Amino acid sequence: MVAFLAFGWRDPGLLMPPARPVAGAAPSPEADDSPLLARLDSLMRQELLYRQDGLTITAVAARLNVPEYRLRRAINQGLGARNFNAWLNQFRIAEAMAALADPSQREVPILTIALDAGFGSLAPFNRAFRSQTGCTPSEYRTRMRAD
């Protein structure tokens, strides 16, 4: 404030907080991530990109030719995911659950199912599976056999 007075600036607008966006206003074109999310969904569901071991948000952003911050925002805000890995694991766990419930894959080891779904090893798979389903992959397979 002293600097403003010393240099003769008397514009009260300089001391005002920035204006807040109006509620209900149309988002800026950059904020509309629908086309990006559609392309991302296609990569995951049609090309099964989630199966790639060690997949990072940087690699996906490069594949989609968008800045990483924009992809991260789209996933967090547009899809409501906690983070990229949690969102990615949803696809992987869904595939693993289908395989574990499939009677024709009854003899396939759980490690093989985990690796096929894109996990790098059994420990992260077990943690993610239990976190999402509330049971271990073995327990899930047993329950599916009983049904």
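Every number here is computed from the coordinates shown, using simple stated rules; none is lab data. Owing to the predicted nature of the structure, the values given are computational and were not obtained by experimental measurement. Ideal geometry is used to build each Cβ from the backbone, glycine not excepted, and the neighbour counts take in all protein chains shown.
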Check: Got the relative contact order for segment 87-146 handy, in percent, Cα pairs under 8 Å and 6 or more residues apart?
Finding: 37
Notebook entry, point to check: Applying the Karplus parametrisation 6.51 cos²θ - 1.76 cosθ + 1.60 with θ = phi - 60° to the phi angles of segment 119-131, what ³J(HN,Hα) value in whole Hz is obtained for each residue in order, glycine and proline being reported as x?
Noted result: 7, x, 7, 6, 4, x, 4, 4, 4, 5, 5, 5, 4
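Evaluate the Kirkwood expression for the hydrodynamic radius of segment 87-146, namely the inverse of the mean inverse distance over all pairs of different C-alpha atoms, and round to one decimal in Å.
Numbers: mean 1/r = 0.0898 Å⁻¹.
Hydrodynamic radius (Kirkwood, Cα only) of segment 87-146 equals 11.1 Å.
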Notebook entry, point to check: Karplus couplings for segment 57-73 from phi (6.51 cos²θ - 1.76 cosθ + 1.60, θ = phi - 60°), rounded to Hz, Gly and Pro as x?
Noted result: 5, 5, 5, 5, 4, 5, 5, 8, 6, 10, x, 4, 4, 6, 5, 4, 4
Check: Computed FRET efficiency, Cβ-Cβ of L111 and N85, R0 25 Å: what is it to the nearest 0.05?
Finding: 0.80
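Arrange the following residues from fewest to most other Cβ atoms within 10 Å of their Cβ: S42, S104. Can you show the working numbers first?
Details: S42 11, S104 7.
Placing the least packed residue first, the sequence is S104, S42.
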Check: Hey, what do the phi angles of segment 78-90 turn into as Karplus ³J(HN,Hα) couplings, whole Hz, using 6.51/-1.76/1.60 and θ = phi - 60°, x for Gly and Pro?
Finding: x, 10, x, 7, 5, 6, 4, 5, 5, 5, 4, 5, 4
